[in-house]
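Notes for the one structure printed next.
Throughout, read-outs are computed from the coordinates displayed, never taken from laboratory work. The model shown is predicted, which means the values in this text are computed figures rather than measured ones. With ideal geometry, Cβ positions are generated from the backbone for all residues, glycine too; neighbour counts draw on all protein chains shown.
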């Protein structure tokens, strides 16, 4: 009987403590690039940024910088069995389509051996290349390109 009374008292105390704690705890605010939101709030996703259609290649800022993609790629299939990018950018089709050829480095293995087809380590294009979007910078940027690339 004493044990039952003790369990009821502890349960009542715990329920009271949890209720008070929930009322007094500030859910907190979280400041992110998308703005401030409380932790328990689910905000709607931002609208997708407008992708620039078929623009000239965008200048690079440093040696070996992967170029950005100057066209829409939504719906492109790049997986183990298929790579839509290679339909235009492979050496076989680039002249025919007018697309930029992929770099010779994409045909090399880690050991420097040149393959007849794209190296497996360079097959998934979106690991390095991103679509250029018409979007304002998220943070201030004071990066200066290297002089040897001829930027002003």
For 143, 124, ascending order of other Cβ atoms within 10 Å (fewest first) is 143, 124
Please grab the % of Cα pairs in segment 46-136 that end up more than 19 Å from each other.
45
